[in-house]
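To keep things clear, I will list the structure first and then write my remarks on it.
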Amino acid sequence: MRNIVLASGSAYRRELLARLGLPFDYAAPDIDETAHPGEAARALTERLSLSKARALAKRFPDHLIIGSDQVLTLDGQPVSKPGDHTRAREQLRRCSGRSVEFVTGLCLLDSATGRYQLTSEPFTVIFRELADSTIERYLERERPYDCAGSFRMEGLGISLFQALRGDDPNSLIGLPLIRLCSMLANEGVTIP
């Protein structure tokens, strides 16, 4: 069995990876996550996913390293994590009654060979019309200030949606497990 490392400090990604029942370590990579001028969401998430995995390669020299990054786009512009209540309220107001797209990049790097697999997974969320009172109740209850889009799909955030469209709902939480299983299988990792 190959040693696996998740290149992330995200508790959400750790929870998702743990679902596969594989032992793994994790470490937060220290990289600059600033988008390049004019960089499309897909290109950004793939670049950052690869950069996160590569940032840990020297520390974990004979491992399969998983890097992932996610961007929410609204009106073609990236939207970051809100960080506080005021920005979260504004994000949810902007999303109300609209479709937004998440793009989640995924990289599996073999640090022994430098070979990697890289992809991105789109996922669309269609929001219901949200009254200010609904937004306030939701934010007070879940405080999703560390989540792009200001919601937690795996929690009460599901009540804000009219529909979801995509191949893997796990990608909305931050780690496309269906694609990851295929990548791991390509490296000889058997699941289950």
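Could you work out the local net charge near A28, counting Lys and Arg as +1, Asp and Glu as -1, over the other residues with Cβ closer than 13 Å to its Cβ? If you can, show how the numbers build up before the last one.
Details: positive: R13, R14, K52, R59; negative: D25, D30, E33, D69.
Summing Lys and Arg as +1 and Asp and Glu as -1 gives 0.
Compute for the stretch 1-87: radius of gyration divided by Kirkwood radius, i.e. Rg/Rh, restricted to C-alpha atoms, rounded to two decimals.
Details: Rg = 14.5 Å, Rh = 14.3 Å.
So for the stretch 1-87, dividing Rg by the Kirkwood Rh gives 1.02.
Each residue of the stretch 148-156 in turn: what ³J(HN,Hα) in whole Hz from Karplus with 6.51, -1.76, 1.60 and θ = phi - 60°, glycine and Pro shown as x?
4, x, 6, 8, 10, 4, 7, x, 5
What is the angle, in °, between the Cα long axis of helix 177-186 and the longest principal axis of the Cα atoms in the chain? Nearest 10 is fine, range 0 to 90.
Approximately 10 degrees, to the nearest 10.
Contour minus end-to-end for A28 and D75, with contour as 0.36 nm per residue of separation and end-to-end as the Cα-Cα distance? Don't skip to the end; give the middle numbers.
Numbers: separation 47, 0.36 × 47 = 16.92 nm, distance 3.03 nm.
Gain in length upon complete extension: 13.9 nm.
Can you say what percent of the DSSP beta bridges in the stretch 1-151, counting only those with both residues inside, are antiparallel? Round to 5. Let's see the in-between values first.
Details: 24 of 32 bridges.
Antiparallel bridges: around 75 percent, rounded to the nearest 5.
Which values of log₁₀ I(q)/I(0), to two decimal places, follow from the Debye formula for the chain at q = 0.08, 0.16 Å⁻¹ with a uniform point scatterer at every Cα?
-0.26, -0.97
Quick one: angle between helix 132-142 and the longest Cα principal axis of the chain, in degrees between 0 and 90, rounded to 10, please.
Result, in degrees: 40.
Rounded to the nearest 10 Å², what accessible area does F60 have for a 1.4 Å probe in the complete protein model?
30 Å²
Give me the angle, in degrees from 0 to 90, between the Cα long axis of helix 41-55 and the longest principal axis of the Cα atoms of the chain, rounded to the nearest 10.
40 degrees
Please state the charge dipole magnitude for the chain, taken about the Cα centre, from unit charges on C-beta atoms (+1 on K and R, -1 on D and E), reported in debye and rounded to the nearest 20.
Details: 24 positive and 25 negative charges, 25 e Å.
For this selection, approximately 120 debye.
What are the ³J(HN,Hα) values, in whole Hz, obtained from phi via the Karplus relation 6.51 cos²θ - 1.76 cosθ + 1.60 with θ = phi - 60°, for each residue of the stretch 25-40 in sequence order, with x given for Gly and Pro?
These are the phi-based 3J(HN,Hα) values: 9, 8, 7, 7, x, 10, 10, 7, 9, 5, 6, 6, x, x, 6, 6 Hz.
The values are calculated or read from the model by the stated rules, or taken from the named source; none is laboratory data. None of the values given here were measured: they were computed from a predicted structure. FYI the Cβ positions are ideal-geometry reconstructions off the backbone, even for glycines, and counts take in every protein chain you see. Areas reflect the complete protein model, heavy atoms only, side chains present, ligands, DNA and RNA absent. Shrake-Rupley method; radii C 1.70, N 1.55, O 1.52, S 1.80 Å.
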